[in-house]
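Written out below as structure tokens is the structure these notes cover.
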Amino acid sequence: MSEIEWTDKTWNPVIGCTRHSAACDNCYAINVATRFAGLPSHAHYAGTVANGDWTGAINRAPDHIFNKPLTTRKSTVWFVNSMSDIFHHNVSDDVIVDAFNIMNSTPRHQYQILTKRPQAALKRARQLGLVFTSNIWMGASVGEDKFSKVTVRALTAMKDAFDISTIFVSAEPLLEALPSLDVAALDWVIVGGESGTKNTVRAMDPQWARDIRDRCRAANTPIF
């Protein structure tokens, strides 16, 4: 089971990333990758981190991990990708297509794709002719208000273009108020503070979360 409260399990078809915004400053995945990178049992982590940061290298997971949803019979909610971004520019077209083929062919599961690059996601989805079957949700991370409008605009464009059942925003870690976030245009919102040690965690003002909660309630948008 996943320690992430809003999903059942994580599915990481690829490993590796690069920092995108201030929300990435205390990236938990870098610490996880650093811990695993030297282990023979986690060879697909090799080269993804160096000197405490991502290198930008993206590695495809071995088949037993990449194909995990195919061999999981129980209906499962999968968070895609906790250790990378499936729409990172260094993820190959073939890998994205293969991952979508798995999601398309397993309607018993629900997939929650979360990207920090929704504009790139829209572009790649169009280029590759991706199919968003009804079991695929599309989400994007927003921790700072300057990303609110462009993120919702890209998500709604994807919903319209690909008939996506659910688009959502993960405001986690929430680093400031998000007055520009159009919650009425979304199907789901996740709000949370930063995790980590007491020496690194940036405090979340509860009022930032309450404001999003109140606006979601007014718009009848579910919020976690």
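Some notes on this structure:
- In this structure the chain gives 48 Å² per residue of accessible area when probed at 1.4 Å with all protein chains present.
- Counting every pair of alpha carbons in the stretch 119-209, the share spaced more than 23 Å apart comes to 30 percent.
- Annotated for the stretch 71-210: lysine pairs at least 8 residues apart or interchain, Cα distance under 21 Å, count 7.
- Trypsin sites (Lys or Arg not before Pro), loop per DSSP, at most 16 other Cβ atoms within 10 Å - longest free stretch of the chain: 109-197
- In order along the stretch 135-148, phi translates into HN-Hα couplings of 8, 10, 9, 10, x, 9, 8, 9, x, 10, 5, 5, 9, 4 Hz, rounded to whole numbers, per the Karplus curve 6.51 cos²θ - 1.76 cosθ + 1.60 with θ = phi - 60° and x for Gly and Pro.
- Taking the chain and dividing mean pair separation by its residue count, relative contact order in percent (alpha carbons under 8 Å, at least six apart): 16
- Taking every DSSP bridge with both residues inside the stretch 99-224, close to 0 percent are antiparallel.
- Our coupling estimate for the stretch 201-215, obtained by passing each phi through the Karplus curve with A = 6.51, B = -1.76, C = 1.60 and θ = phi - 60°, is 5, 8, 5, 9, 6, x, 5, 4, 6, 4, 4, 5, 4, 5, 5 Hz, Gly and Pro reported as x.
- In Hz, Karplus ³J(HN,Hα) per residue of the stretch 155-172 (6.51, -1.76, 1.60; θ = phi - 60°; x = Gly, Pro): 5, 5, 5, 5, 4, 5, 6, 10, 6, 6, 5, 9, 10, 8, 10, 9, 8, 7
- The ASP211 and TYR28 beta-carbon pair, evaluated with R₀ = 41 Å, returns a calculated FRET efficiency of approximately 0.95.
- Distant-in-sequence amide contacts of ASP53, defined by a placed amide H-H separation under 5 Å and a gap of 5 or more residues or a different chain, comprise nothing.
- Per-residue SASA entry for TRP137, accessible area with 1.4 Å probe, Å² rounded to 10: 50
- Sulfur and carbon atoms: percent of accessible area, the chain [1.4 Å]: 50
- The stretch 1-108: relative contact order in percent, alpha carbon pairs under 8 Å with at least 6 residues between: 37
- Rh (Kirkwood; distinct C-alpha pairs) - the chain, Å: 17.9
The values are calculated or read from the model by the stated rules, or taken from the named source; none is laboratory data. None of the values given here were measured: they were computed from a predicted structure. A quick note on method: Cβ atoms are made from the backbone with ideal geometry, for glycine too, and the neighbour counts reach across all protein chains shown. All accessible areas refer to the heavy atoms of the entire protein, side chains included, with ligands and DNA or RNA removed. Shrake-Rupley method; radii C 1.70, N 1.55, O 1.52, S 1.80 Å.
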